[in-house]
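Report on the following structure.
The values are calculated or read from the model by the stated rules, or taken from the named source; none is laboratory data. Owing to the predicted nature of the structure, the values given are computational and were not obtained by experimental measurement. Here the Cβ positions follow ideal geometry from the backbone for every residue, glycine too, while neighbour counts run over all protein chains shown. What goes into the accessible areas is simple: the full protein's heavy atoms, side chains included, and nothing from ligands, DNA or RNA. Shrake-Rupley method; radii C 1.70, N 1.55, O 1.52, S 1.80 Å.
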Amino acid sequence: MKIIFAAGFSALAVLVAGLFSALMMRPGLHVMGVLLPRQVWLVEHAWIWRLGWWLWLLALFSWMLLLVALIWGYIPAHRIATMLQSGLILLAAALTIAGVAFWMQGLPWAANQQNAYELVLLVDTLALGLMGAGLFMGGAVTLWLAVDLMRQPTLPGWWMAPAVVAGLSALPSPFLLPRGAHLILAGVAWLFWCLLLATRRQLPSAFSEWR
């Protein structure tokens, strides 16, 4: 039941954050283009910018919650690989949170300074670099965990296909950001996977022979 709840929570968090970004944050996300319209929007709508990234931090927490629930529910905890997966989840989250926090707080301030062009460029570069590294590691551990779950006899292998797509789509983030088409694909695949898990009445019991 914990996995079903975590999947439903993650689906809701990602959906709300994605819709808010698409409907409310688009002017601030136009990294490539003329600075002035973006600069004015960031100064006048700083609270929208910050709220949107708080929603994405909630979505990031829900990603961690679901992966940890799956690890503890279906994968033996004593394996070295499982320990590495748990460490990668924390490292990916830490890097992404650092990038989000820097962008969330630093960009409206930079846009309001006299030398805004240089400062905004600096904030964008640092924040996107951190987020790119975090998304790369997050995609890698999501893919790794999905393949691990495919190898387990308990869950149907095809259930993991959306997670594989989500992980693969996030991998090239360091090279593709600030373009975000690959992240839209990753988000849609993740949302589909969460809904697939959340709509199950009951998930198969893992390690039933131990009970």
Search segment 69-89 for residues being assigned to a helix (DSSP H, G or I), open to solvent by 40 Å² or more (accessible area, probe 1.4 Å) and without any contact (Cβ under 8 Å) to a residue 24 or more places away in the chain, and hand back the single one that is farthest from Val188 (Cα to Cα).
Ile80
Determine whether Trp158 is under 30 Å from Arg79 (Cα atoms), without any contact (Cβ under 8 Å) to a residue 12 or more places away in the chain, open to solvent by 10 Å² or more (accessible area, probe 1.4 Å) and in a helix (DSSP H, G or I).
yes
Name, by its number, the condition in (1) open to solvent by 70 Å² or more (accessible area, probe 1.4 Å); (2) over 30 Å from Arg79 (Cα atoms); (3) in a helix (DSSP H, G or I) that does not hold for Gln114.
(3)
In segment 121-146, what count of residues is obtained for those that are over 24 Å from Met32 (Cβ atoms) and either open to solvent by less than 50 Å² (accessible area, probe 1.4 Å) or at pLDDT below 95 (or both)?
6
Which condition number in (1) open to solvent by 50 Å² or more (accessible area, probe 1.4 Å); (2) farther than 23 Å from Phe5 by Cα; (3) more than 18 Å from the chain's Cα centre (by Cα) is the one that Leu51 fails?
(3)
Subset of segment 15-45, residues open to solvent by less than 20 Å² (accessible area, probe 1.4 Å) and either within 28 Å of Gly73 (Cα to Cα) or hydrophobic (A, V, I, L, M, F, W, C) (or both), comes to Ala17, Met25, Leu42
